[in-house]
Amino acid sequence: MNIPAKVLFSLLLMVIVSGTVFFRWAEGWSWIDSYFFTVVTLSTVGYGQLVPATVIGKIGTTVFIFTGLGIFALAIQQFGHFALLRRRRKALEKHLEKSND
């Protein structure tokens, strides 16, 4: 499955924005804390400095982990695939240049 980079960036942006808004609303955290928690959770780093205290925050976090992590993993896989293809294309171009000489 090959997903265009613009679609992946849009999905990631949507997940980060929705997570930030959700944690701002559910936990009452500042915008920066909500954003930080969203990115740390999505990237599976999990510093533990912020922890949801409300029931809705805890449930929302579990839903966010399952949905967001899937999108994040797909994006990492696809970006790695894009980089590999670009390296292969450059190597092929070099090979063709040498064979034409």
**Message:** Please enumerate, by chain and number, the lysines with C-alpha under 27 Å from the C-alpha of K90, excluding those fewer than 8 residues away in the same chain.
**Reply:** K6, K98
**Item:** Share of alpha-carbon pairs per 10 Å distance bin for segment 1-55, given as whole %
**Value:** 25, 47, 20, 8
**Asked** Under DSSP H, which helices of the chain have Cα atoms covering 27 Å or more of the helix axis and a Kyte-Doolittle average no less than 1.0?
**Response** 5-27
**Asked** Accessible area per residue, 1.4 Å probe, Å², for the chain: what's the number?
**Response** 71
**Request:** Could you grab the relative contact order for segment 1-62? Cα pairs under 8 Å, six or more apart, rounded to a whole percent.
**Result:** 28
**Fill in**
In cubic angstrom per residue, the convex hull of the chain built on its Cα atoms measures 109
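When the accessible area of the chain is computed with all protein chains present and a 1.4 Å probe, what percentage of it is carbon and sulfur? Walk me through the numbers before you get to the answer.
Details: 4850 of 7170 Å².
C and S fraction of accessible area: 68 percent.
The values are calculated or read from the model by the stated rules, or taken from the named source; none is laboratory data. Because the structure is predicted, anything quoted here is derived from the model rather than measured. In case anyone asks, the SASA skips ligands and DNA or RNA and just uses the protein heavy atoms, side chains included. Shrake-Rupley method; radii C 1.70, N 1.55, O 1.52, S 1.80 Å.
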